[in-house]
1. What number goes with the only condition from (1) modelled with pLDDT under 95; (2) small (Gly, Ala, Ser); (3) part of a helix (DSSP H, G or I) that Ala72 does not pass?
2. Determine, yes or no, whether Glu62 is loosely packed, with under 13 Cβ neighbours inside 10 Å, at pLDDT 75 or above, of a type outside the set (Lys, Arg) and part of a helix (DSSP H, G or I).
3. When segment 1-41 is examined, which residues are found to be part of a helix (DSSP H, G or I) and under 15 Å from Asp101 (Cα atoms)?
4. Among all residue pairs at least 6 apart or on different chains, which show Cβ distances below 8 Å where the first residue, located in segment 80-101, is farther than 16 Å from Thr57 by Cα and the second is surrounded by fewer than 11 Cβ atoms within 10 Å (Cβ to Cβ) and hydroxyl-bearing (Ser, Thr, Tyr)?
5. What are the residues in segment 1-38 that are of a type in the set (D, E, K, R) and within 22 Å of the chain's Cα centre (by Cα), if any?
6. Filtering segment 1-57 down to residues that are surrounded by 16 or more Cβ atoms within 10 Å (Cβ to Cβ) and basic (Lys, Arg), which residue is farthest from Lys93 (Cα to Cα)?
7. What number goes with the only condition from (1) assigned to a helix (DSSP H, G or I); (2) modelled with pLDDT of 85 or more that Arg54 does not pass?
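The values are calculated or read from the model by the stated rules, or taken from the named source; none is laboratory data. All values derive from a computational prediction rather than experimental measurement. Reconstructed Cβ throughout: ideal geometry from the backbone, glycine too, with neighbour counts over all protein chains shown.
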Amino acid sequence: MSEMLERVALAVFKSYFHPDDAANDALVAEKRLEWAADWRRAERSARAAIEAMREPTLAMKEAALRPTPFDAPFEMVAQRDLALRGALAGWPKMIDAALSD
């Protein structure tokens, strides 16, 4: 299981607990072994949640295109736009890596 899938699955699993208990890492680790079926459900939910992010939404793309808080020279804007195109092209690969076993 990838690090990201593990991280999301753990967040989903912790959501099954009262917030005070979810903050107790030892208890969560103990219950992860004891509640194996719930952990598998959390893994499936994590995989589905990450898969749902495969295609960035319009709002995500627009957020990436928002101008910087300062007046950047044209060269910096062009570099940012080039980097954004690369990031959007690489996004599905990042999702694939997050879902890898």
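1. Only one criterion is unmet by Ala72, namely (3).
2. Considered against the rule, which asks whether it is loosely packed, with under 13 Cβ neighbours inside 10 Å, at pLDDT 75 or above, of a type outside the set (Lys, Arg) and part of a helix (DSSP H, G or I), Glu62 comes out as yes.
3. Glu3, Met4, Leu5, Glu6, Arg7, Val8, Ala9, Arg40
4. Cβ pairs passing all conditions: Arg80/Thr68.
5. Selection gives Glu3, Glu6, Arg7, Lys14, Asp25, Arg32, Asp38.
6. Lys31
7. Status for Arg54: all satisfied but (1).
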